[in-house]
Each structure stands twice: as C-alpha cells, then as structure tokens.
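Quick notes on the structure that follows.
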Amino acid sequence: MYVLIAYLLGVISGVRHKNDNSANADTHASRSNSQSLPDGPLSVMCIPPTPDDQKIAEQKKSERRKTIKFWAEIVGLIVLTVYTATTIALWFAAKEANKQVRTQWNAEHRPWVGSGEIEVRQPSFVFYPNNPPMMKTQFNFTIEVPIKNFGNSPAFHVATFASGILTEQIAAPLPLEEKMAYTCKGADSSAKNIGEVLFPNNIETRVEQPTGLGSSISRVDKINRVWITICTTYSEGTNGENIHHTKIWFASWPINGQPKEILVSPQQPGIIYYSFPNTRWSVIKMESD
C-alpha cells in the first residue's frame, strides 16, 4: 500500500517538473521574441538609382530648363517689341508736334501778301484777219490789282503777273490750272529783276498791267466768258529764299450783249476794234502758299 502511494507521488512529481520546464521554455522564447531594439543609432542602407533612371531624370531636367528658357525669350521678345513700337510712336508724335509748332511759328512770323478789290479797265476786242488761226481774236484790257502785306515781316522780291483765257462755254476751262502755273512762272521771272519790298501792315500798293489775251475764236460774238489768272510772287528774305505765291482766279460773268464795232484801223485795213459789253467780274478762287 505504501509502495503504491509512493509510486503515484513519483509520477505526479515528474509530470509537474516536465510542465514547469515547458513553461520556462515558452517564457524564455517569448522574452527572446519581444526583446526591444538597441539604444544606439540605426544604420540605413541607400540604394543608388540605376544609370538609366538617372539619365532619364537629367533629360527631364534639361528639357524643363529649355522650355523655361524658350518661353522666357518669347516673353522678352514681346516686351522688347512693345517697347520699341511705343518708343517709335512717341518719336513720331514728338516729331509731328515739333513740326506743327515750327509751322505755326513760321506762319506767325512770315509775310502774307493779299489782295483787295480788283478792277478791269478799258476792255475791248480786236479782230486780226491776217493773223494765224490761234491769234485771230484778242481781248485787250488793263488790270489793276491792289496788294498788301498782312504778315509780321517784310516781303521781298514782290511781283504780280496776269494772264487768261477766252472761252465760248460758260463753265471753267480745263487748262485754267495750267494757265495759273504759266502766270506764276511769269511772276517769278519778274520778281528776280524788278521785285519790290512790302513792309508789314503798310498801305496797299496798286499794280497796273496792260494785258492782251489771244484766242482762236474767229468771231467776237462767240466769246461768252473771260478768265483771268493773277499771281503775286514774294519771298521771305533778300536772297529770294522761301518763295510764296498768292493766286487769284478772276472771271467775267457770262456775256449777254453783242460787241459793237467801234474802230477800223486806217493804217492796218481789216483790223477791227469792238467794244466789250458791260458785265460784272468776280473772284472765283484764291489760294496762298
């Protein structure tokens, strides 16, 4: 009996010891698994990029720089263009303003020769049967032109010249402008030799010029209007620089009456003088330069 009890106690003791060793082993393993990291610095391993990745990154960076540079150049070019255009516009505006100021100053300090009431005296027609066709009929008259300097400086080399055209039609003839150019050319020629001086705001001077206008019109009763071109030439200096012209287009009203024979020249048989019918005269246009 005692022997049986002792045997059972021995078995139980062996099992308990085995369980204790297993528990100790589990506890040791658990402690080993839950052990904390050391307190010292950690070692980090860096893996360098592969050569292909690095090359692609450099290419992307280079392309980005080129793109930024391209757009920066475009913006700079636009700014430069706008700046240049603005500068040019300001330069032209300043140039035009200076030109206007200079023109205004010159206009205020130059001579201006004008005219007044023009008179046509002793008008008559003369018929020359033996003359060439272009000079069969002639209109003789004396024109009196008042001129005065309305400016602020003396006018030098002043001369006045008159010419004109006889027409069958009432409307202005086409060569009237050409006739004015011819008239001013005659005034320029006279101004070089016998031009006078007009001082500012002095009394007016009356210029008288006997003139004869030839025409191919074979009958004096076919003449309906007389067109007279008057040009006064003058300059700003004694040397004839800065030449100016005052141009006047002067014409008779349409002639309604019939010319009457008033004289046959005994010295020149066939030459007949006719009276000029009474009519009015008026200024058609006036220009100054």
Please give the charge dipole size of the range 119-288, origin at the Cα centre, charges +1 on K and R Cβ atoms and -1 on D and E Cβ atoms. Round to the nearest 20 debye. 460
Unit charges on C-beta of K, R, D, E only; dipole of the range 101-209, Debye: 220
According to the square roots a ≥ b ≥ c of the eigenvalues of the Cα gyration tensor, what is the shape class of the range 119-288, taking rounded for a/c under 1.5, prolate for a/b larger than b/c otherwise, and oblate for the remainder? prolate
Sorting Pro173, Gly257, Asn193 by the position of each Cα along the dipole of the range 149-282 (Lys, Arg +1; Asp, Glu -1; all at Cβ), the one nearest the positive end of that ordering is Gly257
In sequence order, what are the phi-derived ³J(HN,Hα) couplings for the range 276-284 according to the Karplus relation 6.51 cos²θ - 1.76 cosθ + 1.60 with θ = phi - 60°, rounded to whole Hz, with x for glycine and proline? 9, x, 4, 8, 9, 10, 8, 7, 7
Among the GluC sites (Glu not before Pro) within the range 221-262, which fall in a DSSP loop and have no more than 11 other Cβ atoms within 10 Å of their own Cβ? Glu241
Under Karplus coefficients 6.51, -1.76 and 1.60, residue-wise ³J(HN,Hα) of the range 114-120 in Hz, glycine/proline x: x, 10, x, 7, 8, 10, 10
For the range 180-238, run through the trypsin sites (Lys or Arg not before Pro) and keep only the ones in DSSP coil with at most 15 other Cβ atoms within 10 Å of their Cβ. Arg219
Output ordering of 52-62, 140-150 (per-residue mean of other Cβ within 10 Å, highest first) is 140-150, 52-62
If I take every Cα pair under 8 Å that is 6 or more residues apart in the range 119-288, average their sequence separation and divide by the length, what percent do I get for the relative contact order? 29
Karplus-derived 3J(HN,Hα) from phi for the range 186-198 (6.51 cos²θ - 1.76 cosθ + 1.60, θ = phi - 60°), whole Hz, x at Gly and Pro, runs x, 5, 4, 5, 5, 5, 5, 9, 10, x, 9, 10, 10
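Read the figures in this text as sums done on the coordinates, not as results from a lab. The structure presented is a predicted model; accordingly, all values stated were derived computationally and were not measured. No Cβ is skipped: glycine too gets one built from the backbone with ideal geometry, and neighbour counts run over all protein chains shown.
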